[in-house]
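Visitor: Quick one: the structure is below, and I'll ask about it shortly.
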Amino acid sequence: MTGLFAVDSRHDVDELRALESWYTKNAALFDRVAAAMDVRRTEPGLRTALDLLVSELVLAFGAVDTSRSDYRDIQSALRAEVEARLQRTPYSEHAMEHEELVEVIGRVGTLERELRDAMRPLPAVRGRLLVAIVGRTKSGKTTLRKALTRDADRSGIGRGAHRTTRRTSAFDVGSVTYLDTPGFAAKDDDFDAQRARAACDSADAVIWNYADTLRDEESAELRRLLLSGKPLLAVVNVKGLVDTPVRLQLFADLPGREFKSASGHADRIEQVARAVGVAPPVILAVHSGAAHEALCTEDRGLGDRALRASRLPELEQSLTRLLVERAIPLRAVRLSEDVRAPLAAFHDRAAEELPQIGRALGELERSTPEERAALLEAFRTVGRNSRERLQAERHRVKERLPEVVRDLGGADQAERWSDFITGLDLDGLVSGLESELEQEARKQGRVLRTRPSAPERQDDEPPRVRPRPDRKIVTAAAKGAATALLGSFAAKGLPKKLAVPPPTVTVVYAAEALTGAAKAVSSELDRARQEKDEWTSATTAAAEARLDELCDWVDARLASIVDEATAQVDAQFEAQSADMRRTRERFEQLRRLRSSLRSALDSIDLVLTRRLVELAGGDPAAIRRAARTPGVELRVWTDASCVAHMRTCLHEHLVDVLTERIEICSDSRSGEGDGTAADD
C-alpha cells in the first residue's frame with residue numbers, strides 16, 4: 001500500500017520504473033504470505049518463520065491482511081459447534097407412519113443440511129489485482145495495455161481496419177494483472193462481448209477505453225458497468241498520428257492541440273452516467289499511442305517528454321487511487337460476502353422457517369395424547385360392540401337348538417353340526433372386528449400391522465351324544481300290546497278253554513287279556529317317550545355346552561384382537577412420542593445455533609469493518625462491534641472519543657465502496673446511534 005500511495009507523488013519516468021521494480025520484487029512475497037497465512041494455524045511449525053516474514057511486511061499503512069485467517073477461525077468455531085449439536089438422530093420405524101411428523105422431521109433435516117452447506121470453504125487467494133481493459137473494437141485497448149505494461153513491441157497493435165485482439169490475454173506488472181479483451185461490436189460480436197463481460201466481472205477494476213464516438217452497443221455495456229458498482233476509470237483515447245519522430249516531437253511540444261476534442265467525449269460519458277442515476281466515473285484523456293511511441297523511440301529525452309505529454313502518468317495515478325480507495329476495499333467486501341452471504345441467507349431462512357416448524361411440532365405434541373385417547377376409546381367401543389353382537393348371536397342360536405338337535409344322533413351328525421356352525425358366521429365377527437379396528441386406525445393416519453394367525457378352533461367337532469332312538473311311538477305301542485296280549489293268553493291257558501268255552505267265560509277272559517294289553521301299550525309308550533326325552537335333553541345339553549365353548553373361544557379371540565390392537569397402538573404412540581422428543585431436541589439445537597450464527601455474522605462484520613478502517617488509515621482496534629445489513633446499513637460501535645475519527649474514515653473513504661447507510665455509535669450507548677448518520 002505504501003508503494004501504491006507513493007505513485008501520487010511520482011511523475012518522473014525513472015521513478016515510475018523504479019516503483020514498477022519495487023512492485024515486481026515484493027508482489028511475490030505478498031502472494032507467498034497470503035497463501036502461507038491460510039495454513040499458519042494448522043501448521044505450528046511454520047508459525048515462527050511466518051511471524052518473522054510478517055514482521056518484514058508490516059508497513060506504516062498496515063498492509064498485512066489477516067482477515068482471511070479471521071474468517072477461517074469464525075467458520076471453524078461455528079462448524080465445530082454445528083457438528084457437536086447436530087448429531088445423527090435415529091428414529092423408530094413408526095416415525096414414517098405419521099404424515100405430519102414426517103413433514104416436520106423433513107423440514108428440520110432440510111435446515112440442518114442447508115446450515116452445513118452454508119459453511120463453504122473460503123475462495124482461493126486471488127493474489128494480484130485484476131484490471132480489465134475494455135472498449136469497442138479498434139479503440140486502442142492493446143496500445144494502452146502495452147503502454148501500461150511498458151511493452152515497446154509494436155506487434156499486435158492494429159494497423160488499418162482489421163481487429164487484432166480475439167481473446168482475453170493477461171499481462172502482469174508488479175501486483176497488477178492487466179486483462180486485454182476483445183472489443184465490443186467486433187465481427188463475432190456476441191462471442192467477443194461475452195468474453196469481455198466475463199473479464200469485467202472477474203476484474204477488481206475496469207479501464208473503459210473510449211475513442212471517436214459512443215455507439216449504442218458501447219453505451220449499453222457502459223451502463224451495465226456503471227450500475228454494477230465496479231470500480232471504473234473512463235479513458236478518452238486520443239488518436240493523433242505520432243508514428244514518426246517529427247510528429248512525436250510536435251505532440252510533445254504542443255500536446256494541448258490533440259486533447260481539445262476530449263471534453264466533448266467526456267460530456268457524453270457523463271450523460272450516460274446521469275441517465276442511469278449514478279455518479280460519473282473518473283474520466284481522463286490519454287494519448288496511448290504517444291505513450292507507446294515514447295517507449296519505442298531511441299531519444300530518451302523525447303520519450304520522457306512524450307510520455308508525460310500523453311498523460312499516461314496521470315492515468316496510472318488515477319488507477320492507483322482507484323485500486324487503493326475502491327478496488328482493494330471492494331475485494332475485502334467480496335471476501336467477506338463470500339463467507340457471510342450463505343450464512344446470512346440461512347439465518348434469514350431459519351428466522352422464517354423455525355417459528356413455522358415450532359408451531360407444527362407444538363401442535364403435534366398437544367394433539368398426540370388426545371388422538372391416543374380417542375383411538376383407544378374407539379377400539380374399546382368397537383370391541384364392546386363386537387362382543388355384544390356375539391352374545392346376541394349366542395342367545396339367538398340357543399333358541400334354534402331344538403331344531404338342530406332333532407337332526408343329531410344319526411350317521412350324518414358331524415356334517416349336520418358343521419353346516420350349523422358354518423351358518424352362524426362367527427368368523428365374520430372376527431374379521432369384521434379386525435376391519436373396524438383398521439378403519440378406526442386409518443382415520444387417524446395409523447397403520448395396524450398384520451398380526452400372527454390365531455390357533456384355529458375345532459368348531460366342526462359335533463357334541464358327544466348317544467345315538468338317536470329309532471322306534472316310533474305307534475310301533476312301540478303295537479309291539480307292547482301284542483306282547484302283553486300273548487303273554488296273558490299263555491298265562492291263563494285261554495287257548496284250551498276256548499275249545500269248549502261257555503260264551504260268558506270267553507268274554508271275561510278276552511276282556512282281561514285286552515285290559516292287560518292296553519296297560520302294556522301305555523307302559524311301552526311311556527318308556528319310549530321317556531327315552532326320547534332323555535336323549536333330547538342330553539343332546540341339547542351337549543350341544544349347548546359345545547356352543548358355549550365355541551362362543552367363549554370367539555369371545556376370547558375378540559378380546560385378544562382388541563388387546564393386541566391396543567398394545568400395538570400404544571407402542572406406536574410411545575415410539576412416536578419419543579420421536580417427537582428427538583425432533584424437539586433437534587429443533588431446539590437449531591434455535592440455539594441460529595443465535596450462534598448471529599454472533600458469527602457479527603464477528604464477520606467486525607472483521608470486515610476493521611479491515612476497511614485499516615485501509616482508510618484508521619485504527620481498527622478502536623472498533624468494538626459492527627453490524628451490517630449488506631446494501632442497507634453498516635453500524636459501527638466505538639469509544640465516544642473515537643466517533644468523529646471513525647466517521648471521517650468511513651464516511652469519506654467507504655461510502656462509495658459499501659453503497660449503504662453508515663452509522664457510527666458510541667459503545668457506551670449499547671447500540672443506540674449517536675444521532676448522526678450518513679446516507680450515500
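Visitor: In segment 202-226, how many residues are of a type in the set (Asp, Glu), part of a helix (DSSP H, G or I), in contact (Cβ under 8 Å) with a residue 24 or more places away in the chain and farther than 20 Å from Ala285 by Cβ?
Guide: Within segment 202-226, the first condition is being of a type in the set (Asp, Glu), and the residues that meet it are 204, 212, 216-218, 221.
Now restrict to residues that are part of a helix (DSSP H, G or I): 216-218, 221.
Filter once more, keeping what is in contact (Cβ under 8 Å) with a residue 24 or more places away in the chain: 217-218, 221.
Next, only the ones that are farther than 20 Å from Ala285 by Cβ stay: 217, 221.
Of the residues in that region, 2 qualify.
Visitor: Oh, and also: State which residue is nearest to Ile357 (Cα to Cα) when the search covers only segment 563-582 and only residues that are buried (at least 20 other Cβ atoms within 10 Å of the Cβ) and either acidic (Asp, Glu) or out of contact with any Ser or Thr (no Cβ under 8 Å at 6 or more places or on another chain) (or both).
Guide: The qualifying residue nearest to Ile357 (Cα to Cα) is Asp579.
Visitor: Next question. Can you run down the residue pairs with Cβ atoms below 9 Å, 6 or more apart or on separate chains, where the first is in segment 227-248 and at positive phi and the partner is surrounded by fewer than 24 Cβ atoms within 10 Å (Cβ to Cβ) and modelled with pLDDT under 90?
Guide: Correct list of pairs: Gly229/Val278; Gly229/Leu330; Gly229/Asp656; Gly229/Val657; Gly229/Thr659.
Visitor: Could you list, in sequence order, the residues of segment 98-151 that are closer than 30 Å to Ser202 by Cβ, part of a helix (DSSP H, G or I) and of a type in the set (Asp, Glu)?
Guide: Glu114, Asp117
Visitor: Can you name the residue in segment 367-387 that is without any contact (Cβ under 8 Å) to a residue 60 or more places away in the chain and over 35 Å from the mean Cα position of the chain (by Cα) and, of all such residues, is nearest to Thr566 (Cα to Cα)?
Guide: Filtering segment 367-387 down to residues without any contact (Cβ under 8 Å) to a residue 60 or more places away in the chain leaves 367, 369-370, 373, 377, 381, 384-385.
Those still in the list that are over 35 Å from the mean Cα position of the chain (by Cα) too: 377, 381, 384-385.
Working: Glu377: 10, Thr381: 12, Arg384: 13, Asn385: 16 Å.
For segment 367-387, the residue satisfying everything is Glu377.
Visitor: Is it the case that some residue within segment 221-239 is surrounded by 19 or more Cβ atoms within 10 Å (Cβ to Cβ) and among the polar types (S, T, N, Q)? Spell out the reasoning first.
Guide: First pass over segment 221-239, keeping only residues surrounded by 19 or more Cβ atoms within 10 Å (Cβ to Cβ): 221-222, 225-226, 230-238.
Filter again for among the polar types (S, T, N, Q), leaving 237.
Scanning segment 221-239, I find at least one residue that is surrounded by 19 or more Cβ atoms within 10 Å (Cβ to Cβ) and among the polar types (S, T, N, Q), so the answer is yes.
Visitor: Would you mind finding the one in Ala373, Ala350, Ala344 that is closer than 30 Å to Asp65 by Cα, of a type in the set (Gly, Ala, Ser) and part of a helix (DSSP H, G or I)?
Guide: Numbers: Ala373 fails: closer than 30 Å to Asp65 by Cα; Ala350 fails: closer than 30 Å to Asp65 by Cα.
Answer to the selection: Ala344.
Visitor: Given the structure, is Arg334 within 37 Å of the chain's Cα centre (by Cα), surrounded by fewer than 21 Cβ atoms within 10 Å (Cβ to Cβ) and either closer than 30 Å to Lys141 by Cβ or among the hydroxyl-bearing types (Ser, Thr, Tyr) (or both)? Explain how you work it out, then say what you get.
Guide: Numbers: within 37 Å of the chain's Cα centre (by Cα): yes; surrounded by fewer than 21 Cβ atoms within 10 Å (Cβ to Cβ): yes; either closer than 30 Å to Lys141 by Cβ or among the hydroxyl-bearing types (Ser, Thr, Tyr) (or both): yes.
Considered against the rule, which asks whether it is within 37 Å of the chain's Cα centre (by Cα), surrounded by fewer than 21 Cβ atoms within 10 Å (Cβ to Cβ) and either closer than 30 Å to Lys141 by Cβ or among the hydroxyl-bearing types (Ser, Thr, Tyr) (or both), Arg334 comes out as yes.
Visitor: Something else now. Those residues that are under 51 Å from the mean Cα position of the chain (by Cα), in a helix (DSSP H, G or I) and not β-branched (Val, Ile, Thr), I need them from segment 272-305; list them, please.
Guide: Initially, segment 272-305 is screened for residues under 51 Å from the mean Cα position of the chain (by Cα), giving 272-284.
After this cut, where a residue has to be in a helix (DSSP H, G or I) as well, the list is 272-275.
Of everything in segment 272-305, those that are under 51 Å from the mean Cα position of the chain (by Cα), in a helix (DSSP H, G or I) and not β-branched (Val, Ile, Thr) turn out to be Ala273, Arg274, Ala275.
Visitor: Within the bounds of segment 344-359, is there any residue that is surrounded by 14 or more Cβ atoms within 10 Å (Cβ to Cβ), among the acidic types (Asp, Glu) and under 30 Å from Leu101 (Cβ atoms)?
Guide: Yes, some residue in segment 344-359 is surrounded by 14 or more Cβ atoms within 10 Å (Cβ to Cβ), among the acidic types (Asp, Glu) and under 30 Å from Leu101 (Cβ atoms).
Visitor: Is it the case that some residue within segment 253-271 is modelled with pLDDT under 90, over 20 Å from Asp212 (Cβ atoms) and either assigned to a helix (DSSP H, G or I) or not acidic (Asp, Glu) (or both)?
Guide: yes
Visitor: Now, a different point. Kindly list the number of the only condition in (1) surrounded by fewer than 21 Cβ atoms within 10 Å (Cβ to Cβ); (2) in contact (Cβ under 8 Å) with a residue 60 or more places away in the chain; (3) within 26 Å of the chain's Cα centre (by Cα) that fails for Gly617.
Guide: (3)
Visitor: Name the one entry in Arg584, Arg625, Arg610 that is in a helix (DSSP H, G or I), out of contact with any Lys or Arg (no Cβ under 6 Å at 6 or more places or on another chain) and not assigned by TED's automatic domain parsing to the domain that holds Val447.
Guide: Values: Arg584 fails: not assigned by TED's automatic domain parsing to the domain that holds Val447; Arg625 fails: in a helix (DSSP H, G or I).
Going through Arg584, Arg625, Arg610 in turn, just one is in a helix (DSSP H, G or I), out of contact with any Lys or Arg (no Cβ under 6 Å at 6 or more places or on another chain) and not assigned by TED's automatic domain parsing to the domain that holds Val447: Arg610.
The values are calculated or read from the model by the stated rules, or taken from the named source; none is laboratory data. Only a predicted model underlies this, so the values are computations on that prediction, with no experimental measurement involved. So basically every Cβ, Gly included, is an ideal-geometry build from the backbone, and we count neighbours across all protein chains shown.
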